[in-house]
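Okay, structure first, notes after.
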Amino acid sequence: MADVGGVPQDVRAAFAAGSWRAVDLVVERPRGTDASELMAHVENAVTRASAPSGQDAVDLSVHASTDSGPAGSVLVAVTNPSGAADAGQAWIGRFLDALRASPNPVQVRPVRHPSTIADLWDLAEGPPQLTGFLSFTTSHEQSVTTGPDPAILRDPSLVDALASWLRFPGADIVRVMGGEEERVSPARLREALIEAWPDELNRFFTADLASPRRMRTVAITYPAHGHVQLVDVTRDPTERLALLLDAWCPFSAWVDYAFVRYAGGGAPDLRDIPLCLGRPWTAQEDAMGSQMTSHLLSEYVPDAYVAQILTENHLARAGDLAGFTVEPLTPGRYLVQSTEPARWLQGPNPPNDLLTEARRQFRAMIMTEDVMRASPPPWLRPS
């Protein structure tokens with residue numbers, strides 16, 4: 001298509017179709033160019049596009065993220081929060097000018113999404129995937145009737161963090177409600193999060209199930225639980241953990257407890273341990289999956305994990321935690337993460353010696369069967 005002001009017509013049309021708020025682009029790899037070399041060139045072009053006229057101050061009104069694409073290409077997700085057409089066109093123009101400085105000509109086109117919506121269940125029979133489980137702060141009555149606090153997705157910082165995390169270059173964005181799947185445009189993702197959640201409990205996921213295979217999922221469900229999950233064959237386990245925390249930690253103000261482990265792909269569940277991890281439940285995991293210990297989770301944990309969000313009450317029961325870092329997140333909430341994440345994540349279950357030592361450090365924070373017997377759930381107590 002003919003260029004307009006140096007911007008290909010198909011790129012302009014795709015950006016305009018997204019109300020000038022979002023467009024996903026593919027930068028094709030020229031012959032004779034190494035994929036890593038192209039990625040470095042594209043990332044440099046993104047940086048230069050965000051610093052107009054060579055100024056040191058970065059223009060944050062329009063921003064972009066990059067990722068590896070098929071056949072050595074680079075995917076670029078451009079976001080223009082204001083929706084101002086002139087700002088969007090100017091950024092694209094600067095980006096393309098920077099790309100044209102390459103000795104090897106590059107071609108840029110919009111991502112062509114398939115007509116068929118990605119299916120959440122496409123990953124259900126695959127290997128376990130890294131998952132951050134969430135237990136929201138709520139009364140027992142709310143947790144079994146109305147679910148989580150409706151204010152969760154009215155928190156602007158949380159909505160912004162989730163919208164940014166869910167959207168990655170080339171991804172299909174899908175909302176699942178009542179068993180129905182609906183494609184959401186990148187330009188409407190933030191609004192869709194606010195309007196549909198948690199009044200209608202559902203999940204959002206973004207997927208590129210071709211090559212490389214990637215998926216990100218966020219869900220808030222009854223009874224006052226939720227999860228975030230990351231699938232990305234291009235990253236090693238520690239890189240995936242760091243990326244997962246970008247969406248998981250912003251929930252900290254709204255949870256009593258949260259933890260990370262491997263779980264079933266697509267639709268993880270607290271009770272998927274025998275099927276997905278190939279081992280029996282511990283008594284604590286079984287009780288948590290049956291909602292028998294929800295009232296204890298603000299003070300006790302079911303086990304030690306590679307990363308957890310804990311309260312001050314949790315930490316008061318712990319030992320020295322020498323094998324973990326403790327980082328404040330929001331008032332009264334802390335990220336407690338192993339100093340050896342690669343060992344924790346090298347397989348579906350951590351090595352026995354690592355888990356044994358972690359349990360020793362967590363000490364009285366881990367709920368025992370005596371604690372569970374002494375404090376039954378509210379509905380089993382004598383009236």
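Got at least one residue in segment 315-327 being within 24 Å of residue 220 (Cα to Cα) and crowded, with 20+ Cβ neighbours inside 10 Å? No, there is no match, as no residue in segment 315-327 is within 24 Å of residue 220 (Cα to Cα) and crowded, with 20+ Cβ neighbours inside 10 Å.
If I filter segment 72-79 for residues that are in contact (Cβ under 8 Å) with a residue 12 or more places away in the chain and part of a loop (DSSP other than H, G, I, E, B), do I get at least one hit?
Taking segment 72-79 as the starting set, the residues that turn out to be in contact (Cβ under 8 Å) with a residue 12 or more places away in the chain are 72-79.
The next check asks that each one be part of a loop (DSSP other than H, G, I, E, B); those that pass are 73.
Checked segment 72-79: at least one residue is in contact (Cβ under 8 Å) with a residue 12 or more places away in the chain and part of a loop (DSSP other than H, G, I, E, B).
Restricting segment 332-367 to residues that are part of a loop (DSSP other than H, G, I, E, B) and free of Cβ contacts under 8 Å to residues at least 60 places away in the same chain leaves a set whose member that is surrounded by the fewest Cβ atoms within 10 Å (Cβ to Cβ) is 339. Being loosely packed, with under 12 Cβ neighbours inside 10 Å and either in the same structural domain as residue 47 (by TED's automatic domain parsing) or part of a loop (DSSP other than H, G, I, E, B) (or both) holds for only one residue in 82, 102, 115, and it is 115. Looking only at residues of segment 10-47 that are in contact with a His (Cβ under 9 Å, 6 or more places away or on another chain) and among the aliphatic types (A, V, I, L, M), we find that the one that is surrounded by the most Cβ atoms within 10 Å (Cβ to Cβ) is 27. Among residues of segment 225-240 that are closer than 26 Å to residue 297 by Cα, those with a beta-carbon under 7 Å from a residue that is basic (Lys, Arg) at least six positions away or on a different chain give the pairs 230/216; 230/240.
The helices (runs of 4 or more DSSP H) found entirely in segment 127-219 that carry 1 or more residues being at pLDDT 85 or above, over 27 Å from residue 289 (Cβ atoms) and outside the structural domain of residue 20 (by TED's automatic domain parsing) are 156-166, 189-196. Considered as a group, the residues in segment 256-275 that are part of a helix (DSSP H, G or I) and surrounded by fewer than 20 Cβ atoms within 10 Å (Cβ to Cβ) include one that is modelled with the highest pLDDT, and that residue is 274.
The values are calculated or read from the model by the stated rules, or taken from the named source; none is laboratory data. Please read these numbers as outputs of a predicted model, since none were measured by experiment. Cβ sites come from the backbone with ideal geometry, for glycine too, and all protein chains shown count toward neighbours.
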